[in-house]
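Colleague: The following block contains the structure, expressed as structure tokens.
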Amino acid sequence: MKFVNILIIFCLLSFLSCAKKEEKVEVIIDDVIETQMLESYKKGLKALEEGDALYAARHFTDAELLFPQSEWAPKSLLMAAYSYYSQDYFADAIDELERFIKTYPQSNRLDYAYFLLATCYYEKIIDEKKDLKPLFKAKETFKFVIQEYPNTDFALDAKFKLNLIDETLAGKEMYIGRYYIKKEKWIAAINRFKYVVDNYNSTIYIEEALHRLVELHYKIGLIEESKKYAAVLGYNYQSGDWYEVSYQIFNKEFDPKDNSIKPKKGNFIFKKFKNLFEN
């Protein structure tokens, strides 16, 4: 019996001794890996300062992958994303930022990650007339930044970027609307200009869009609709150039035979329209 107890005690002591050795080994390994990670991170910083963004991104990524449990890991991944962004490698930056958001959802740098992600989408725009997907992705992500981080500098800049995006989207709608006018597709043009009025009424295109709705509704004989948009234009933008152009329309009439606008005999409608603007 005594022998059995002694054997049990010996086994326990041996186990504890092995456990301590394993813990020491693990600590040593962790220290070595962390040292390597910090070295890689420093190399990334140096490369970035020297203007070699791709080399920097490679080192930052290596640092993150070496020790993903470390507090330096999310910093390294963000720095890799920024390195790509700084040299206009937007697709690579987007990949790294999306991985950051997925891998480190509790990071206190998520606001910066989302803002940089939106900026990458925005900067990725090559020709908004051909590909609107980056614009819509940028708009969606900037809105998220404003909603989730409203009291940050990122939110302020996101609002500014949203205005620029809306200007671009409105400009595209106006471009298509004018094209439809040239092709004499009046209803298609009206729909485009209505979309601008309904969705981009804070852009520089709102006055022209309202004028086009005045002009086109008058052209197809919908006088009351034309008056409605004219009233809105006159009430809000009476000092604008487009108001002056719209102001003249009701002293003319549309001749469907030659698709032009000709002077109207008498000025009854013109006087009525003038009163509509001035009251």
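The values are calculated or read from the model by the stated rules, or taken from the named source; none is laboratory data. Not measured: the values here are computed from a predicted model. Note that we place each Cβ from the backbone using ideal geometry, even for glycine, and neighbour counts take in every protein chain shown.
Quick grid of which residues meet (1) free of Cβ contacts under 8 Å to residues at least 40 places away in the same chain; (2) among the β-branched types (Val, Ile, Thr); (3) in contact with a strand residue (DSSP E or B) (Cβ under 9 Å, 6 or more places away or on another chain):
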| site | (1), (2), (3) |
| --- | --- |
| Ala73 | yes, no, no |
| Ala91 | yes, no, no |
| Lys102 | yes, no, no |
| Tyr112 | no, no, no |
| Gln147 | yes, no, no |
| Thr152 | no, yes, no |
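Colleague: Can I ask one more? Looking at region 193-244 only, could you name the residues that are over 25 Å from Leu169 (Cα atoms) and at pLDDT 95 or above?
Modeller: Passing the criteria: none in range.
Colleague: For region 172-184, does any single residue satisfy the condition of being out of contact with any Pro (no Cβ under 6 Å at 6 or more places or on another chain), part of a helix (DSSP H, G or I) and over 30 Å from Gly221 (Cα atoms)?
Modeller: No, region 172-184 has no match at all.
Colleague: Within region 167-208, track down each residue that is surrounded by fewer than 19 Cβ atoms within 10 Å (Cβ to Cβ) and charged (D, E, K, R).
Modeller: Glu167, Lys172, Arg178, Lys182, Lys183, Glu184, Lys185, Lys194, Asp198, Glu207
Colleague: Counting only residues that are under 28 Å from the mean Cα position of the chain (by Cα) and not charged (D, E, K, R), which one in region 56-71 is farthest from Thr103 (Cα to Cα)?
Modeller: Ala56
Colleague: Right, something else. Sort through Ser107, Ser70 and tell me the only one that's closer than 30 Å to Glu39 by Cβ and in contact with a Pro (Cβ under 6 Å, 6 or more places away or on another chain).
Modeller: Answer to the check: Ser107.
Colleague: Can you name the helices (runs of 4 or more DSSP H) wholly within region 1-87 that have at least 2 residues being at pLDDT below 65, closer than 30 Å to Leu110 by Cα and not hydroxyl-bearing (Ser, Thr, Tyr)?
Modeller: It comes to 2-49.
Colleague: Same structure again: Please enumerate the residues belonging to region 76-121 that are small (Gly, Ala, Ser), under 18 Å from Glu49 (Cβ atoms) and crowded, with 20+ Cβ neighbours inside 10 Å.
Modeller: Ser76, Ala80, Ala81, Ser83
Colleague: If I go through region 211-248 residue by residue, how many of them are surrounded by fewer than 21 Cβ atoms within 10 Å (Cβ to Cβ), of a type in the set (Asp, Glu) and closer than 20 Å to Gly177 by Cα?
Modeller: 2
Colleague: Go over the candidates Lys271, Lys264, Lys257, Lys182 one by one and state the one that is more than 30 Å from Tyr121 (Cα to Cα) and modelled with pLDDT of 90 or more.
Modeller: Lys182
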